[in-house]
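The values are calculated or read from the model by the stated rules, or taken from the named source; none is laboratory data. None of the values given here were measured: they were computed from a predicted structure. Don't worry about glycine lacking a Cβ; one is built from the backbone with ideal geometry, like all the others, and counts go over all protein chains shown. Side chains are part of the model used for accessible areas, which takes the heavy atoms of the whole protein and leaves out ligands, DNA and RNA. Shrake-Rupley method; radii C 1.70, N 1.55, O 1.52, S 1.80 Å.
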Amino acid sequence: MSLLEIDHVTRRFGGLVAVDDVSAVVEEGELVGLIGPNGAGKTTLFNVICGFTPPSSGEVRFAGERITGLKPWRICRRGIGRTFQNLRIFPNMTVFDNVSVGAIGRLGIEPFESLLRTRAARVRAAEVSARTWQALERTELAPYAHLLAADLPYGRRKYLEIARALATSPRLLVLDEPAAGLNDTETAELARFIRTLHAEGLTILLVEHDMSLVMSICQRVMVLASGRKIADAPPAVVQQDPIVLEAYLGTEEPA
Amino acid sequence: MRGALAPLAVAAVLFAILPMGLSMAGSGYLFRLADVTLIFCILSLSMQLITGVAGLLTLGHAAFYGIGAYTAAILSTRVGLDAGLTIPVAGLVSALFGVLIALPTMRLVSIYFAVATLGLGEMIYVTLLNWVSFTRGPLGIGDIPPLRPFGFDLSSPLGTYFLIAALAVLSLLIVHRIAHSYYGNALRALREDDQCADAMGLPVVRLKIEVFAIATFLAGIAGALWAHTTGYVNPADFRFAESILILAMVVVGGLGSIPGAIVGAALLILLPEALRAIGEVRILAVGLIMFLCILFLPKGLFGEVAALDLVRRQFGAAWRGGSAARPLGWR
Ligand SMILES: Nc1ncnc2c1ncn2[C@@H]1O[C@H](COP(=O)(O)OP(=O)(O)OP(=O)(O)O)[C@@H](O)[C@H]1O
Ligand SMILES: [Mg+2]
């Protein structure tokens, strides 16, 4: 049984087929890339996995259980952590508070517990603090913990999103174009960081528009074009695949 | 010791210094002013939870205040229920309405939610106005007994003041524990980006309904206190304009800031009274002051960032790790 199974998923927007009968799996412990030109349907597939949009047909299973139809927060609690293509941090909250939301989401929160300051509430709060610090330290954001997220340098905000997702203690981390807007040095730093996370045992699905990052760190690469999966193989094979080269022709040279 | 200083100071002012001063002044008017200020503190604190902390703009808050007031008025004049019971029951009835209204509207997005609460608030007002057999319509309900809960006679100015102050402090404690905890972080996340909060594992709709229930419960309590201390309720006290007044308190004080809600309520109740000397121009003056506040201090007189910083220093989680030498989390 694979950790994530995407089973004949199709998503239509009116007449447009954004994701067209895609089947794929992600095994526990893998670092998989998902690439494709603009508008290929990467984000849409991603949103289907996380419960943001329902598929028109097909289903997604996580750890053997069907998650299609569940609300995003339930999918998150099953163990899928995500980031967003367009940064979606909580600007008027501190870096610490931003990250704490991931831990709160995973551990759950009850109003009467907080109201009555029960023992359970204190235990839970200590656990939220611990997980938040852990995620902050893993992303080297601890020195910024007290800053408002809005005051964080742009490059660090990517790490903030990743930290928040890590605080949900995911079994699968799905990153949507984390390198967008970063320069080469920052991209290389991010690549090293993602590799470290993977080496620590996290399963990662990396959605990217830019082939070079994916080719350099992923064990396996899936390629989407116009909603269809046109390749699914190790980077070296995908780079030589004539169908992939054609899909990228005119948009971008494969690295 | 940490965390004890601020509550002690609040208790000293509210339960010793202020009532002593008011008794020495011996003025019923000043007592009444203190009572009304505290009642509006409860209202602004409760709306702060919904609008400032959880980010749901509500334009019908006065309706829940009204439901609480009418519940207390009707139960005490028709059923003869003790004030010790009418007050909590008023809170529960108001929260029940709050949940009933929240269930269908919480899925609405920002401005639509605001308009829905506006419409429902006016519906409740029109019902109070026209259901003459039950509410006596525009005549209002009079002869509401003063506060004698469970045989304790608190109908004197001092007794009434103490009960209202105690309930205001209880409300503050409730709002404080909700807003200044990880539960509060979850609510703030809803305000910032509720879809994203959903993806982080927060049950968005459930949280919104919960916060609406807690806040409308408090608004109902404020209504019951108003009914018992005024002795008379009238639909006009719970109109849209009253909702806007409470909203103004929250915004002028600072959206999301608990101390801000108190500052805003105190300012907008006491300022018009302080300006009585200048006659009806005072309404203009209050409007101008509000306008200037928003223009120059858009984050409020006591903004959220400063408020959270202050509260964290008092009640925050012990700092550990990292290099920022201040408390950041909650206990
Ligand atoms: N909510 C929506 N309504 C209608 N069409 C949509 C919607 N979301 C996406 N689409 C369309 O579906 C197609 C796939 O979009 P998607 O965002 O999934 O692509 P992508 O591979 O993530 O592209 P990019 O590299 O630009 O992020 C596009 O043609 C897009 O316009
Ligand atoms: Mg995309």
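So here's what we get for this one:
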| read-out | value |
| --- | --- |
| Unique residue being closer than 21 Å to B:VAL211 by Cα and open to solvent by 20 Å² or more (accessible area, probe 1.4 Å) when the list is B:LEU59, B:LEU49, B:LEU18 | B:LEU59 |
| A:GLU161 being within 16 Å of ligand 1 (Cβ to nearest atom) and at pLDDT 90 or above | yes |
| Some residue of segment A:57-67 being closer than 30 Å to A:ALA145 by Cα, more than 11 Å from chain B (Cβ to nearest Cβ) and not basic (Lys, Arg) | no |
| Total residues in segment A:135-159, condition open to solvent by 20 Å² or more (accessible area, probe 1.4 Å) and within 9 Å of another protein chain (Cβ to nearest Cβ) | 6 |
| Members of segment A:104-121 found to be more than 8 Å from chain B (Cβ to nearest Cβ) and under 11 Å from A:ARG131 (Cα atoms), listed by number | A:LEU107 |
| Flag if A:GLU189 is among the charged types (D, E, K, R), away from chain B (no Cβ under 11 Å), on the phi > 0 side of the Ramachandran plot and open to solvent by 10 Å² or more (accessible area, probe 1.4 Å) | no |
| Close pairs (7 angstrom Cβ cut-off, 6 or more residues apart or separate chains): at negative phi in segment B:162-179, open to solvent by less than 40 Å² (accessible area, probe 1.4 Å) and not in a helix (DSSP H, G or I) anywhere | B:LEU163/B:LEU147 |
| Residue list for segment A:222-241, restricted to those being open to solvent by 10 Å² or more (accessible area, probe 1.4 Å) and part of a loop (DSSP other than H, G, I, E, B) | A:SER226, A:PRO234, A:ASP241 |
| Set A:THR94, A:THR132, A:THR83, A:THR168: member being under 22 Å from A:PHE52 (Cβ atoms), facing another protein chain (nearest Cβ under 7 Å) and of a type in the set (S, T, N, Q) | A:THR168 |
| Residue in segment B:126-140 that is under 29 Å from B:ALA266 (Cβ atoms), more than 22 Å from the chain's Cα centre (by Cα) and in contact (Cβ under 8 Å) with a residue 12 or more places away in the chain present | yes |
| Sole exception among (1) without any contact (Cβ under 8 Å) to a residue 12 or more places away in the chain; (2) in a helix (DSSP H, G or I) for B:ILE87, by number | (1) |
| Residues being part of a helix (DSSP H, G or I) and free of Cβ contacts under 8 Å to residues at least 24 places away in the same chain - total across segment B:200-224 | 3 |
| Counted residues, segment A:1-52 - those being away from ligand 1 (no atom under 13 Å from the Cβ), crowded, with 17+ Cβ neighbours inside 10 Å and on the phi > 0 side of the Ramachandran plot | 1 |
| Boolean, A:THR44 is polar (S, T, N, Q), away from ligand 2 (no atom under 16 Å from the Cβ) and within 25 Å of A:VAL101 (Cα to Cα) | no |
| Considering residues of segment A:58-74 that are away from ligand 1 (no atom under 16 Å from the Cβ) and of a type in the set (A, V, I, L, M, F, W, C) only, the residue surrounded by the most Cβ atoms within 10 Å (Cβ to Cβ) | A:TRP73 |
| Which numbered condition A:PRO55 fails, given (1) more than 7 Å from ligand 1 (Cβ to nearest atom); (2) touching a residue at least 40 places away in the same chain (Cβ under 8 Å); (3) open to solvent by 40 Å² or more (accessible area, probe 1.4 Å); (4) assigned to a loop (DSSP other than H, G, I, E, B) | (3) |
| Some residue of segment B:287-302 being more than 18 Å from B:ILE50 (Cα to Cα) and open to solvent by less than 10 Å² (accessible area, probe 1.4 Å) | no |
| Segment B:181-230: number of residues that are open to solvent by less than 10 Å² (accessible area, probe 1.4 Å), more than 21 Å from B:ALA114 (Cα to Cα) and more than 7 Å from every other protein chain (Cβ to nearest Cβ) | 7 |
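Results for (1) small (Gly, Ala, Ser); (2) modelled with pLDDT of 95 or more; (3) more than 16 Å from ligand 2 (Cβ to nearest atom), shown as yes or no for each residue.
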| residue | (1), (2), (3) |
| --- | --- |
| A:ALA63 | yes, no, yes |
| A:ARG66 | no, no, yes |
| A:GLY69 | yes, no, yes |
| A:ILE75 | no, yes, yes |
| A:GLN85 | no, no, no |
| A:ARG88 | no, no, no |
| A:ASN98 | no, yes, yes |
| A:VAL101 | no, yes, yes |
| A:ILE109 | no, no, yes |
